[in-house]
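S.K.: Following this message is one structure expressed as structure tokens.
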Amino acid sequence: QVQLVESGGGLVQPGGSLRLSCAASGSGFSIYPMGWYRQAPGKQRELVARITLGGSTNYADLVKGRFTISRDNAKSTVFLQMNSLKAEDTAVYYCNKAIYPQYSWGQGTQVTVSS
């Protein structure tokens, strides 16, 4: 059973940057495409970035050009570099497989963008 632990969130001013990390315990991580998701209050969880096993990436239009997803398969870790943050990026961020069936969701990491 893979467990996902997200970290790196916090309070940042508009225009600032954060780097999120997602560590996966257990086997199998390296063979799946992984994604970063976010859920803002009162909204559904949405996929914001996706990375394949080979490193190909896709981004939601709202974050394209500002966010960068990467992965270290040897360390079973996925990263999300977030630059030029906006208030509307405020949400709890989660990682998970970008295909079904997904792993159990971790607790996520809160990102708050506010002055």
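The values are calculated or read from the model by the stated rules, or taken from the named source; none is laboratory data. Just so it is clear, the model here is predicted, and its values are computed rather than measured. A quick note on method: Cβ atoms are made from the backbone with ideal geometry, for glycine too, and the neighbour counts reach across all protein chains shown. Heads up: the accessible areas ignore ligands, DNA and RNA and are worked out on the full protein's heavy atoms, side chains in. Shrake-Rupley method; radii C 1.70, N 1.55, O 1.52, S 1.80 Å.
Matching residues to (1) of a type in the set (Ser, Thr, Tyr); (2) at pLDDT 95 or above; (3) out of contact with any strand residue (DSSP E or B) (no Cβ under 9 Å at 6 or more places or on another chain):
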position	(1), (2), (3)
Ile69	no, yes, no
Asn73	no, no, yes
Ser76	yes, no, no
Phe79	no, yes, no
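S.K.: Hey, among Lys64, Lys86, which residue is open to solvent by 60 Å² or more (accessible area, probe 1.4 Å), within 18 Å of Val12 (Cα to Cα) and charged (D, E, K, R)?
M.R.: Numbers: Lys64 fails: within 18 Å of Val12 (Cα to Cα).
Step by step, each of Lys64, Lys86 is checked, and only Lys86 is open to solvent by 60 Å² or more (accessible area, probe 1.4 Å), within 18 Å of Val12 (Cα to Cα) and charged (D, E, K, R).
S.K.: While we're on this one: With a cut-off of at least 3 residues that are over 22 Å from Pro101 (Cβ atoms) and touching a residue at least 24 places away in the same chain (Cβ under 8 Å), name the strands (runs of 3 or more DSSP E) lying wholly within the range 1-80.
M.R.: Details: elements: 3-7, 10-12, 18-25, 34-39, 46-51, 57-59, 67-72.
The strands (runs of 3 or more DSSP E) meeting that bar are 10-12, 18-25.
S.K.: Looking only at the range 36-48, decide whether some residue is surrounded by 13 or more Cβ atoms within 10 Å (Cβ to Cβ) and within 20 Å of Ser115 (Cα to Cα).
M.R.: So far as the range 36-48 goes, yes, one or more of its residues are surrounded by 13 or more Cβ atoms within 10 Å (Cβ to Cβ) and within 20 Å of Ser115 (Cα to Cα).
S.K.: Only residues that are farther than 20 Å from Gly108 by Cα and either surrounded by 13 or more Cβ atoms within 10 Å (Cβ to Cβ) or in contact with a helix residue (DSSP H, G or I) (Cβ under 8 Å, 6 or more places away or on another chain) (or both): list them for the range 50-61, please. Break it down into steps so the answer makes sense when it comes.
M.R.: If we filter the range 50-61 for residues that are farther than 20 Å from Gly108 by Cα, which is where we start, we get 52-58, 61.
The answer is Thr52, Leu53, Thr57, Asn58.
S.K.: Here's a follow-up. Inspect all residues belonging to the range 7-23 and state whether any of them is within 15 Å of the chain's Cα centre (by Cα), at pLDDT below 95, open to solvent by less than 30 Å² (accessible area, probe 1.4 Å) and not charged (D, E, K, R).
M.R.: No, the range 7-23 contains no residue that is within 15 Å of the chain's Cα centre (by Cα), at pLDDT below 95, open to solvent by less than 30 Å² (accessible area, probe 1.4 Å) and not charged (D, E, K, R).
S.K.: Among the residues of the range 60-79, what is the count of those that are under 15 Å from Glu46 (Cα atoms) and of a type outside the set (Val, Ile, Thr)?
M.R.: 5
S.K.: Let me ask something else about it. For the range 90-112, which residues satisfy the criterion of being of a type outside the set (Gly, Ala, Ser) and outside any strand (DSSP E or B)? Talk me through it step by step, then tell me what you get.
M.R.: Let us first name the residues in the range 90-112 that are of a type outside the set (Gly, Ala, Ser), namely 90, 92-97, 99-103, 105, 107, 109-112.
Scanning the range 90-112 gives Thr90, Ile99, Tyr100, Pro101, Gln102, Tyr103, Trp105, Gln107.
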